[in-house]
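This report refers to the structure that appears directly beneath it.
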Amino acid sequence: MTRTDEEIHGPGTGGLLSRDGLPDWLGPVDRAARTVRPEQLSRFLPPASGAGRQSAVLVLFGEGERGPELLLMERAGSLRSHAGQPSFPGGALDPEDGDTADGGLLRAALREAREETGLDPAGVQLFGVLPQLYIPVSGFVVTPVLGWWRAPSPVDVVDPGETARVFTVPVADLTDPANRATAVHPSGHQGPAFLVASALVWGFTAGVIDRLLHFSGWERPWDRSKQVPLDWRS
């Protein structure tokens with residue numbers, strides 16, 4: 001089923017989304033966001049009971065010296081969960097973000113990105129929302145919010161206790177077959193991984209990137225038998 005403009009700009013978005021002026025290269029991402037179904041993104045979907053803490057991440061596309069790129073951050077190694085793991089900026093919905101039915105999750109994605117990276121939300125154009133996904137280990141129901149970094153602003157670590165570094169990764173590196181692998185968790189779970197920017201991107205973040213590349217038509221054939229074992233503490 002294709003989501004219509006009315007559905008995308010209706011309940012849950014608060015009128016905060018706009019496709020006006022997007023660069024042509026973001027067209028495939030925009031189309032993928034409007035047509036992809038939840039089960040095409042992950043087998044971990046929100047519980048039918050409605051359980052889970054509402055949260056959002058900002059999947060921010062910019063244009064750097066090597067073309068399209070994504071903004072990522074690396075969580076501090078001292079954190080109790082997902083320590084040292086690269087991720088999108090994001091976090092849980094706060095009361096100040098407002099109701100989920102009126103754009104609260106979009107505001108949460110921008111607020112968290114500002115708090116974690118120093119990003120100026122005024123330079124970000126939100127243009128799409130992916131279906132909600134679920135992270136069983138933490139109980140978070142996550143909404144990936146897609147943004148175009150229309151007016152880039154300086155970004156860096158804001159709180160070293162939460163973030164180790166902030167960096168961008170060229171999409172060309174993410175699609176390079178040499179940088180792709182299958183991450184193998186000690187539990188036996190396997191999933192996509194990217195070895196980029198001196199980091200191993202895996203888990204939820206890698207899964208979202210993998211599906212976006214696939215449904216945007218950017219994915220290049222890669223060796224899925226190439227495995228990277230994860231530490232037992234992951």
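Figures for the structure shown
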| item | result |
| --- | --- |
| Evaluated at q = 0.15, 0.27, 0.33 Å⁻¹: base-10 log I(q)/I(0), Debye formula over Cα of segment 130-174 | -0.70, -1.01, -1.01 |
| Accessible surface of the chain [probe 1.4 Å, protein heavy atoms]: carbon and sulfur percent | 52 percent |
| Surface accessible to a 1.4 Å probe, ASP99 within the full protein complex, Å² | 90 Å² |
| Cα point-scatterer Debye curve for segment 33-76, base-10 log of I(q)/I(0) at q = 0.17, 0.29, 0.34 Å⁻¹ | -0.81, -1.09, -1.13 |
| Enclosed volume per residue, in Å³, of the convex hull spanned by Cα atoms of segment 142-234 | 137 Å³ |
| The chain: relative contact order in percent, alpha carbon pairs under 8 Å with at least 6 residues between | 23 percent |
| Share, in percent, of DSSP beta bridges within the chain that are antiparallel, nearest 5 | 75 percent |
| For ARG114, solvent-accessible area (1.4 Å; no DNA, RNA or ligand), Å² | 100 Å² |
| Accessible surface, per residue, of the chain when the full set of protein chains is kept, probe 1.4 Å, Å² | 47 Å² |
| When the convex hull of its Cα atoms is projected in every direction, mean area for the chain (nm²) | 12.4 nm² |
| Selection of GluC sites (Glu not before Pro), segment 33-103, meeting DSSP coil and at most 13 other Cβ within 10 Å | GLU65 |
| Solvent-accessible surface (1.4 angstrom probe) belonging to SER198, in square angstrom, nearest 10 | 120 Å² |
| Trypsin sites (Lys or Arg not before Pro) lying in DSSP loop within segment 167-234, provided at most 12 other Cβ fall within 10 Å | ARG224, ARG233 |
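The values are calculated or read from the model by the stated rules, or taken from the named source; none is laboratory data. Because the structure is a prediction, the values reported are computed rather than measured. As a convention, Cβ positions derive from the backbone with ideal geometry for all residues, glycine included, and neighbour counts pool all protein chains shown. Quick note on the areas: whole protein, heavy atoms, side chains included, nothing else; ligands and nucleic acids left out. Shrake-Rupley method; radii C 1.70, N 1.55, O 1.52, S 1.80 Å.
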